[in-house]
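Working notes, structure below.
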């Protein structure tokens, strides 16, 4: 959190050696590596997470996001598995919707997943804006539904002065 990722990664790699069965150490390491752009190492950390807990949705999500460009079939398998295990995980659902709509080109499935994401009502303002834009382009989107979603989203993420919440 202090921007010293390399120091944190070194400390976590030491912890991995002394605690090879601690899923939280591997999970933290995987996230730090992911945000440091060290993607090959990320896969190792999250693979170890899944060895320790095959149902760890967050590890599936991160691996699926990394694999979309190189191994789409396995990435989609991980997204589907994670969705089955945790259908209300908003971050994973958003990523799955994005992958289906923009990487795979399945507009109907992507749109349905984005609608499901909206139904959860727990996403961030920036992701909501992206999802609304995705629904704007959906050929099967009802304009009344889209207008309602825009109004509802704006009412939840705008302060009384009319400024977008969370983007200060």
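Please work out whether the range 55-130 counts as rounded, prolate or oblate from its C-alpha gyration tensor, where a ≥ b ≥ c are the square roots of the eigenvalues and a/c under 1.5 means rounded, while otherwise a/b larger than b/c means prolate and anything else oblate? Before the final figure, lay out the partial values.
Numbers: a/c = 1.72, a/b = 1.25, b/c = 1.37.
The shape class here is oblate.
Ranking request for peptides 92-98, 27-33: highest mean number of other beta-carbon atoms within 10 Å first, then the rest in descending order. Could the numbers behind the result be given before it?
On the way: 92-98: 24.4, 27-33: 21.1.
Highest to lowest by the protection proxy: 92-98, 27-33.
Just subtract the alpha-carbon distance of residue 152 and residue 39 from 0.36 nm times their residue separation and send over the number in nm, one decimal. Walk me through the numbers on the way to the answer.
Values: separation 113, 0.36 × 113 = 40.68 nm, distance 3.73 nm.
The span from residue 152 to residue 39 would gain 37.0 nm if fully extended.
Simple spin-label model, 7 Å along Cα-to-Cβ: residue 4 to residue 88 in nm?
Modelled inter-label distance: 3.9 nm.
Please work out the Cα center distance from the range 1-36 to the range 45-83, rounded to the nearest Å.
18 Å
Could you state the principal axis extents of the C-alpha atoms in the range 1-86, from the largest down, to the nearest angstrom?
34, 25, 19
Throughout, read-outs are computed from the coordinates displayed, never taken from laboratory work. Predicted model, so just to flag it, every value in this text is computed and none were measured. We place every Cβ from the backbone using ideal geometry, glycine too, and count neighbours over all the protein chains shown.
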